[in-house]
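A quick write-up on the structure given underneath.
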């Protein structure tokens, strides 16, 4: 899978025959929520996002998607 001009390995993917373009979020996390070890991998990926975001131009679709992930992640950490 390619995202932001970089190639990534696909983890926990399953061939369905459906042709579609995955979102950045799908490329970043795949289907990791379906397996126990996925939480650690997701946390590792989320930790890298702020630095990755620095190289993405503001106002782009990718920037908006990254900002949504970061804002959601920040909101979850503020819950009691």
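Brief remarks on what is shown
- Residue, nearest to the chain's Cα centre (by Cα), within segment 31-47, restricted to residues that are under 19 Å from residue 15 (Cβ atoms) and outside any helix (DSSP H, G or I): 31
- Qualifying residue in segment 15-30 (condition: modelled with pLDDT under 80 and under 12 Å from the mean Cα position of the chain (by Cα)): yes
The values are calculated or read from the model by the stated rules, or taken from the named source; none is laboratory data. Keep in mind it's a predicted model, so treat the numbers as computed, not measured. Please note: Cβ atoms are built from the backbone with ideal geometry, for glycine as well, and neighbour counts cover all protein chains shown.
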